[in-house]
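Asks: If you scroll down you'll find the structure; I have some questions about it.
Where a number appears in this text, it was derived from the coordinates with a stated rule and is not lab data. The structure presented is a predicted model; accordingly, all values stated were derived computationally and were not measured. Please note: Cβ atoms are built from the backbone with ideal geometry, for glycine as well, and neighbour counts cover all protein chains shown.
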Amino acid sequence: MTGKLLVFLSLLFYSAPLWAGPLPTKESLRYRISYSDWITLGFSEMSILGPCKEQPDCLHFSTLATSAPWLDSIFRVNDRIESRWDLKNRRSLWHHKDLQEGKLFKEYFVSFDYHKNLGQWEQVGYAKGTTGGASVGTTTDLPVELQDPLSAVFYARSHPLAGQVGMSFEFDVFDDLKLSRIKMDILAEEEVALEINGQKRVYMAHKIQPHYQTTGLFQRTSGKLYIWVMKDPPRLPLKFLAEVAVGSIRVELVEAEPLPDSGEGLE
C-alpha cells in the first residue's frame, strides 16, 4: 500500500490549473512524500528533459519516485515514468513505465497512432519467485486528444484558458490499458507556505479536488485528495494531501530549478 501511494501521489499532477503560456524546455522539480508531515516516506522528481531526439515539435518528460532509505528494506520503491509529448497538437505520443514496488517488477510501453485512433502497447510484469509474463496488444477507438499520467500536467499548464475558483475541467487519460475521464474542481484560493531550495516562501495557490475512476497508479485511496497549485505562472503543483485510513499522506515541493519568483520570501 505504501508503494502504491508513493507512486500515485508523486504522479498525480493532473491538477495544474489551466494556463495560457509556453512550457520551458528544461525544468526539474523535487517533492518530499511524508506521512502526516511527520516521517519521510520517499521523494519524487519530475523533469522536462528537453526536445525529443529525432522528432520535431516534441518534448521529453520524466519522473522518478523512490522510497526513503529506511523504508527500502521493508518495501523498496523505484519507479520511473517517461513521456514524449506533441507540442503542436498537445497530446501524448509515447509513454513508458518501469516500476519496482517491493517484490513487484513491471514494465509498460505504449505508442499512439492518431491517424488510426489506436494505441499499441507492450507490458511485462512478474513477481519474485515466479516465471513472470508478457503481453502485447492494441487498444482501438481512442480519442484524438489523449494524455498519459505524466503528460497530463503539461497539457493543463499549457492550456489556453485561465483557471478560476468554481471552475471544473475534464480530459481523457490512458493508463494501465484503461481510458479514464478525469474531472478537476477548483475549490478555493489559499496561501501556501513552503521551504523551497532552502528558502521559505509563500505562494497564492488554487486548491483543487480531483474526481476519477481508474486503476493502477490512479486507483482510489480511502479518503479525499486535495492539491494546491500556484495561481500565477509557472503554475507548479506545490502541495498534495491525501486522506488515508489513519492520518494523511503529504507531498510538498522542496526543490525547483528554475525557482519560481512569484512567491513572497519569509524571514
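Asks: How much length is gained if the chain between V165 and V246 is pulled fully straight, taking 0.36 nm per residue apart and subtracting their Cα-Cα distance, in nm to one decimal?
Replies: 26.2 nm
Asks: Charges only on Cβ, +1 for Lys and Arg, -1 for Asp and Glu: so what's the dipole of region 31-159 about the Cα centre, in debye to the nearest 20?
Replies: Charge dipole of region 31-159: 100 debye, to the nearest 20.
Asks: Can you work out the FRET efficiency for the pair H115 and D72, with r the C-beta to C-beta distance and R0 = 45 Å, to the nearest 0.05?
Replies: It comes to 0.50.
Asks: Measure out, as a whole number of angstrom, how far apart the alpha-carbon centroids of region 196-212 and region 41-96 sit.
Replies: If you average the Cα positions of each part, the centres end up 21 Å apart.
Asks: For S135 and E190 in one chain, what is 0.36 nm times their gap in residues minus the Cα-Cα distance, to one decimal in nm?
Replies: My answer for the length gained is 15.2 nm.
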